[in-house]
Amino acid sequence: MGLLSGFVLAVAGCSGHTAAGSASNDAGSGLQANIGPIDVPAGVETTQCIVVPLGNTEDVVMNGYTINLSEGSHHLIVYETTDMEQDDPVNCTPFAGLALGTDIPIVFANTKQETWAFPAGIAIDLPANQMIKIEGHYINTTASDLQGTGNVTFDTVPAATAPAFQAANFNFFGTTKITIPPNSTYSTGPLFQAGIAGTHFISVTTHQHRLGTGAQVWLGNQGDMSDRVANDTDWSTPSWSLIAPQYDFDGTNGLNYQCDWTNTTDQTVGFGESALDEMCFVGGYYYPSQGMNLCLDGHCQRRQ
């Protein structure tokens, strides 16, 4: 697979790992979900998933959340799912829940701490007794063993007493056309993806891996680079920003975006799910929801 910080990385399954997952409804702190602790030995990369009940006995409206991740966390995604409960983490493929299946992402985090609040009148509705899947991706490039953890606290109110709102969902736009030669720089150049007509874009984030040196996002028609809303130069601390005022998609405008890398290895690096591969994703929340909107290389699919 290659070297990172002098350590050979192995994809780890559950064997030899201690792990746990849970969700709870603690008075005064909102609905909570946790994954870990998961043993991540030195030089190991692993993605683990759990499925647990969120703990909401009635329909709720999610107005925001706070996430805290441990050292070694690469990303954490929380999905709505209809899968059966699986408290003990199992080995899973990173980002598979975005590209495959029927799970719907509701939270995406690729920084160690993140707090998000939807603007007034926008939220995510969650039915009573909702099951959630938590996907935690960990990579340990140190010489010492780590324990991977993730905690999500959801800001919710009962749907029966919530003010009127419009439901939000995710846009994820990206490209698989990444080929970075050894010991060289590489750029996608400007790419474009139109938004869904009649929807409104309210947040922006980017996602690259370890070789990423830049991810930029502009709002506008194809080729219009005058309104930049993200300029991330550190792949490990990407944007998670509110778009204010919101950006209205009319069917022809959307996001222009570009990713850049410097390959410091002796191997060609391409697109892939491992942290040793590379990615170029941009996106964020939009409303009113027409399903999770995933677009790769201009080909889009929506999932309700």
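Annotations for the structure displayed:
- Of the solvent-accessible surface of the chain, computed with a 1.4 Å probe over protein heavy atoms with every protein chain present, carbon and sulfur atoms account for 51 percent.
- Eigen-decomposition of the gyration tensor built on the alpha-carbon atoms of region 172-265 gives equivalent ellipsoid semi-axes of 26, 14, 10 angstrom, largest listed first.
- Top positive-direction residue, dipole computed over region 71-228 with Cβ charges, set THR176, GLY121, TRP218: TRP218
- Applying the Karplus relation 6.51 cos²θ - 1.76 cosθ + 1.60 with θ = phi - 60° to region 120-130 yields 3J(HN,Hα) values of 4, x, 10, 6, 10, 9, 10, x, 4, 6, 5 Hz, where x marks Gly and Pro.
- Sequence-ordered 3J(HN,Hα) estimates for region 248-263 from the Karplus curve with 6.51, -1.76 and 1.60 and θ = phi - 60° stand at 8, 7, 10, x, 10, 8, x, 10, 8, 8, 8, 10, 10, 9, 10, 8 Hz, glycine and proline given as x.
- Mean separation of Cα contacts under 8 Å (6+ apart) over length of the chain, as relative contact order %: 21
- Note on region 21-171: Cα-only Rg and Dmax are 15.3, 52 Å.
- Residues whose amide H comes within less than 5 Å of that of ASP145, counting only those at least five positions distant or on another chain, are ALA42 (H built at 1.01 Å from N in the peptide plane).
- Relative protection proxy for 50-60, 243-253, 68-78, from highest mean packing down: 68-78, 50-60, 243-253 (other beta-carbon atoms within 10 angstrom).
- Scaled against 2.2 N^0.38 Å for its residue count N, the alpha carbon radius of gyration of the chain is 0.98.
- Environment charge of PHE192, counting only residues whose C-beta is closer than 15 Å and scoring Lys/Arg +1, Asp/Glu -1: -2
- Given charges at beta-carbon only (K, R positive; D, E negative), |dipole| of the chain in Debye: 420
- Calculated accessible area for the chain comes out at 41 Å² per residue, all protein chains present (probe 1.4 Å; ligands, DNA, RNA ignored).
- Peptide ranges 197-209, 100-112 listed from the most packed, as the mean C-beta count within 10 angstrom indicates: 197-209, 100-112
- Relative contact order of region 144-272, taken over Cα pairs closer than 8 Å and 6 or more residues apart, is 35 percent.
- Think of region 72-164 as a dipole: +1 on every Lys or Arg Cβ, -1 on every Asp or Glu Cβ, centred on the Cα centre; then among THR141, VAL157, GLN86, THR141 lies furthest on the positive end.
- The accessible-area ordering, largest first, of the residues LEU31, LEU146 stands as LEU146, LEU31, per a 1.4 angstrom probe.
- Computed about its Cα centre, the charge dipole of region 136-274 is approximately 100 debye, with only Lys, Arg, Asp and Glu carrying charge at their Cβ.
The values are calculated or read from the model by the stated rules, or taken from the named source; none is laboratory data. Source: prediction; values computed, not measured. In this analysis, Cβ positions are derived from the backbone assuming ideal geometry, glycine residues included, and neighbour counts consider all displayed protein chains. Quick note on the areas: whole protein, heavy atoms, side chains included, nothing else; ligands and nucleic acids left out. Shrake-Rupley method; radii C 1.70, N 1.55, O 1.52, S 1.80 Å.
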